[in-house]
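The values are calculated or read from the model by the stated rules, or taken from the named source; none is laboratory data. These figures come from a predicted structure and were not determined experimentally. FYI the Cβ positions are ideal-geometry reconstructions off the backbone, even for glycines, and counts take in every protein chain you see.
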Amino acid sequence: MISIVCVYNNEEVLNDFLIKSLKNQSVNYELILMDNTTGNFSSAASALNKGGKKAKGKYIMFVHQDIDLESSEWLEDTEKTLDSLENLGIAGVAGIAKWDEDVTSNITHDIPPERVSERVINSPVEVQTLDECLFIIPRSVFEILKFDEAVCDDWHLYSVDYSLSIKKRGYNVYVIPSNLYHRSPGDSLSDKYEISLKKLLKKHRNNYNAIFTTMGKWVTIYPLNVQARLPWLKDKTMKLYKRIEK
């Protein structure tokens, strides 16, 4: 069984998208809703950790309120896929592999709907990090590692941080070939995004030369402001690391 954890701040959107698409699922599931309409939670990490601790399913799906699963067999098919994955640490519906230029995903987003990526996949693909819109962690893995509330103290990068941390522990990170619709264009950033990104780069700089996300890529050797001011230096360093690692 999949436990579904969703932090929501708009009940109408929640009902029109996620809840509506869950009503006719072909298998049982557990739904854990975290009400943030009054701003009770200061970060996604704190809210999702609280919700995840309540989960009883084999897998915990962390999902945005504006996701439409688009199929009554979505949960059933996804659980079968998850069961087939070797050394699963975390799986999602959008992500990016190291040294790839394009996002790996089959989903659509925005209004009107458009594809996130032209790269269609038919089987799971290993990646470096995952997007936050929907991702799934085995409960047995979540019991070992929770979201980092110190580094991810806002509403961004928590699945990126988790992906990097779980890979460090020897687990695999996958994008699964699932179709769904995400109403958001996926590019909204808060004022604290850059602060969280700086913390992320500092945390992982001893284990990763470069970090790839669906929102951009960075090297960990230089401060973020240097990379923004001297993009040619970042690109040159990226190319050097790529040659060394390949």
ILE144 fails exactly one of the following numbered conditions: (1) among the β-branched types (Val, Ile, Thr); (2) closer than 30 Å to SER123 by Cβ; (3) modelled with pLDDT under 95; (4) surrounded by fewer than 21 Cβ atoms within 10 Å (Cβ to Cβ). What is the number of that condition? (3)
Cross-chain or 6+ apart pairs with Cβ under 7 Å, segment 209-237 first and under 23 Å from VAL173 (Cβ atoms), then assigned to a loop (DSSP other than H, G, I, E, B) and of a type in the set (A, V, I, L, M): THR214/VAL103
Go through segment 21-39 and give me each residue that's without any contact (Cβ under 8 Å) to a residue 40 or more places away in the chain and surrounded by fewer than 16 Cβ atoms within 10 Å (Cβ to Cβ). LYS23, ASN28, GLU30, LEU31, ASP35, THR37, THR38, GLY39
Would it be correct to say that LEU164 is within 18 Å of the chain's Cα centre (by Cα), of a type in the set (A, V, I, L, M, F, W, C), part of a loop (DSSP other than H, G, I, E, B) and at pLDDT 95 or above? no
Any hit, segment 216-236, residues being hydroxyl-bearing (Ser, Thr, Tyr) and touching a helix residue (DSSP H, G or I) at 6+ places or on another chain (Cβ under 8 Å): yes
Qualifying positions in segment 90-124 - in a strand (DSSP E or B), surrounded by 18 or more Cβ atoms within 10 Å (Cβ to Cβ) and either free of Cβ contacts under 8 Å to residues at least 24 places away in the same chain or in contact with a Pro (Cβ under 8 Å, 6 or more places away or on another chain) (or both): ALA91, HIS109
Considering only segment 46-59, I want to know if a residue exists there that is part of a strand (DSSP E or B) and touching a helix residue (DSSP H, G or I) at 6+ places or on another chain (Cβ under 8 Å). yes
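Suppose we filter segment 172-200 for residues that are part of a loop (DSSP other than H, G, I, E, B), surrounded by fewer than 20 Cβ atoms within 10 Å (Cβ to Cβ) and modelled with pLDDT of 95 or more; how many remain? Don't jump to the end; show me each part of the working.
Narrowing segment 172-200 to residues part of a loop (DSSP other than H, G, I, E, B): 176-180, 183-192.
Pick out the ones that are also surrounded by fewer than 20 Cβ atoms within 10 Å (Cβ to Cβ) and you get 177, 179, 183-192.
With the extra rule that they be modelled with pLDDT of 95 or more, the set shrinks to 177.
Adding up the residues that qualify gives 1.
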Residues in segment 34-43: is at least one of a type in the set (A, V, I, L, M, F, W, C), in a loop (DSSP other than H, G, I, E, B) and in contact with a strand residue (DSSP E or B) (Cβ under 9 Å, 6 or more places away or on another chain)? yes
